[in-house]
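A quick write-up on the structure given underneath.
Quick note: the coordinates plus some simple rules give every number you see, no bench work behind them. For clarity, every value in this text was computed on a predicted model and none was experimentally measured. Because the Cβ atoms are built from the backbone with ideal geometry, glycine has one as well, and the counts that use them run over all protein chains shown.
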């Protein structure tokens with residue numbers, strides 16, 4: 001079956017612009033996660049959704065970052081007024097459940113470059 | 001602060017030999033550990049895991065060892081094959097959904 005997909009695969013934007021990143025999880029997966037990987041760093045947790053609600057937004061680095069999920073499926077991560085430090089690969093993952101014992105399946109990521 | 005550290009950014013090994021990847025963690029609440037493998041332009045894929053109640057888990061050519069007292073785990077790949085060339089991430093969980101990842105180790109298997 002289809003895995004997690006993300007779009008766009010690459011995004012180049014100018015500082016100060018808003019960007020939207022999209023994630024399509026595996027069908028039936030109730031949990032969805034956003035991570036980002038900055039150069040030379042590990043994956044950094046951003047936000048987690050259970051269904052359409054986000055009980056944990058603790059990893060969002062600033063109020064310029066927001067995310068929503070609709071229909072228990074597609075999720076959009078929005079970054080407003082982008083800054084150069086936002087440049088990173090943004091990865092989405094989904095899982096059947098929410099414990100660490102449920103395998104998280106990752107998408108290929110969106111590489112964001114802020115000029 | 002990074003709670004999971006992979007101090008070797010790269011590893012080069014000859015085909016057929018053993019690859020040993022190391023990972024250290026600081027959070028004593030971590031009770032589940034995972035290794036992910038990532039090829040270029042793809043997302044990380046789950047490779048092998050270990051619960052804190054065990055000290056070893058083996059799956060084919062891949063074995064993960066956990067030393068809780070040292071807060072250290074390692075991944076052994078034997079024998080190494082060219083298809084194993086990838087970035088390997090160590091990750092840990094404190095019995096919840098939030099995974100903490102290391103920065104990754106790039107493995108290159110030489111023919």
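With only Cα atoms counted, segment A:3-67 has Rg and Dmax values of 12.8, 37 Å. Each listed q (0.12, 0.13 Å⁻¹) maps to a log10 I(q)/I(0) for chain A, found by the Debye formula over equal Cα scatterers with no solvent: -0.37, -0.44. Using only the alpha-carbon atoms of segment B:4-70 as identical scatterers, what base-10 log of I(q)/I(0) does the Debye formula give at q = 0.29 Å⁻¹? Debye intensities relative to I(0), on a log10 scale: -1.49.
Between residue B:51 and residue B:74, what is the FRET efficiency for a Förster distance of 22 Å, r being their Cβ-Cβ separation, to the nearest 0.05?
0.90
Mind ranking A:66-73, A:8-15, B:98-105 by how tightly packed they are, going by the mean number of other C-beta atoms within 10 angstrom, highest first? Working shown, then result.
On the way: A:66-73: 14.8, A:8-15: 12.5, B:98-105: 22.1.
Going from most to least packed, we get B:98-105, A:66-73, A:8-15.
With a cut-off of 15 Å on the backbone N, the residues of segment B:65-87 near the modelled label site 7 Å out from residue B:111 along Cα-Cβ are B:81-85.
Model label points for residue A:12 and residue B:2, set 7 angstrom from Cα along the Cα-to-Cβ axis, are 2.9 nm apart. Per residue, the Cα convex hull of the protein assembly as shown amounts to 122 Å³. To the nearest Å, what is the center-to-center distance of segment B:1-74 and segment A:11-64, using C-alpha atoms only? Measuring centre to centre over Cα atoms gives 24 Å.
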